[in-house]
Each structure stands twice: as structure tokens, then as C-alpha cells.
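Taking it in order: structure first as C-alpha cells, then the write-up.
What follows is calculated from the coordinates using simple rules that are stated; it is not laboratory data. Just so it is clear, the structure is predicted and the values come from calculations on it, not from any experiment. Every residue, glycine among them, receives a Cβ derived from its backbone with ideal geometry; neighbour counts consider all protein chains shown.
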Amino acid sequence: ARVLEIARRLSRGEALGAGDEEEEEEGCQRHREPLEVFCKEDGALLCAICRESRAHRSHTVLPVPEVVREYKEHIQARLQALKDNRDKLLELREAEMRRNW
């Protein structure tokens, strides 16, 4: 959810700091450090200290801007597929209505 919010803000041209000021001020709940990387296995934003912890050391992590770009592309591809399916369904519906008339 946090990554999606970041993607929305970036697509609107907003700064990443805009919005949840309380959460942004605190950063990592545990270490109060800025959230700089995204753990793909856990789907969580991490600070540098959490990144080096045993829990995430062996996990794949990526910089937040790269993850935002990846998720944005993925969401846009899914959205396009849904739009295409909707168009096909509307065409079928229209053809069926014409046949019934």
C-alpha cells in the first residue's frame, strides 16, 4: 500500500514527503531512520539498519524509486489489460443487443 501511495504521488508530480507527515517524520518505526529500500520478499520499506538485520540480510532489496517504477509499470500493464477486456465485453454486449432487436 505504501509503494502504491508513493507511485501515485510521483505520477502526480508530488514530492515524496507530502501527505503522511507523521509517518514521514518518523521513518522507520524502530530506528527512526529514513526508509530507503524495499524488501521484495516481505513487501516492506526498510531503513539502512533494518536492511542489514538478520531478518532481511539475505533478501532482495531495491531502491525505492526503482521499485516505484517497476510497480507503476506493472499496474499500468494490468490496467491496460482490464481496459481491453472491458472494450471486448462492451462490443459483445452491443452485438447481442443488436441481434435481439
Show the residues, 5+ positions off or on another chain, whose built amide H is closer than 5 Å to the amide H of PHE38. LEU46, LEU62, VAL64
For segment 45-100, with equal point scatterers placed on the C-alpha atoms only and solvent neglected, what are the log10 I(q)/I(0) values from the Debye formula at q = 0.19, 0.29 1/Å, to two decimals? -0.77, -1.04
Under the helix-only model (-39500 (n - 2.57) for each DSSP H run of 4 or more, divided by the residues of the chain), the mean residue ellipticity at 222 nm, to 500 deg cm²/dmol, is -18500 deg cm²/dmol
In the chain, which Cys residues have no partner Cys with a Cβ closer than 4.7 Å? CYS39, CYS50
In Å, what Rg and Dmax follow from the Cα atoms of the chain? 20.1, 68
Counting only C-alpha contacts under 8 Å and six or more residues apart, can you give the relative contact order of the chain as a whole percent? 21
From the backbone phi of segment 79-94, what are the Karplus-calculated ³J(HN,Hα) couplings (6.51 cos²θ - 1.76 cosθ + 1.60, θ = phi - 60°) in whole Hz, Gly and Pro given as x? 4, 5, 4, 5, 4, 4, 4, 4, 4, 4, 5, 5, 5, 4, 4, 5
Using mean Cβ contacts within 10 Å as the protection proxy, how do 64-72, 86-94, 27-35 order, highest first? 64-72, 27-35, 86-94
In nanometres, the difference between 0.36 nm per residue of separation and the alpha-carbon distance of HIS59 and HIS31 is 8.1 nm
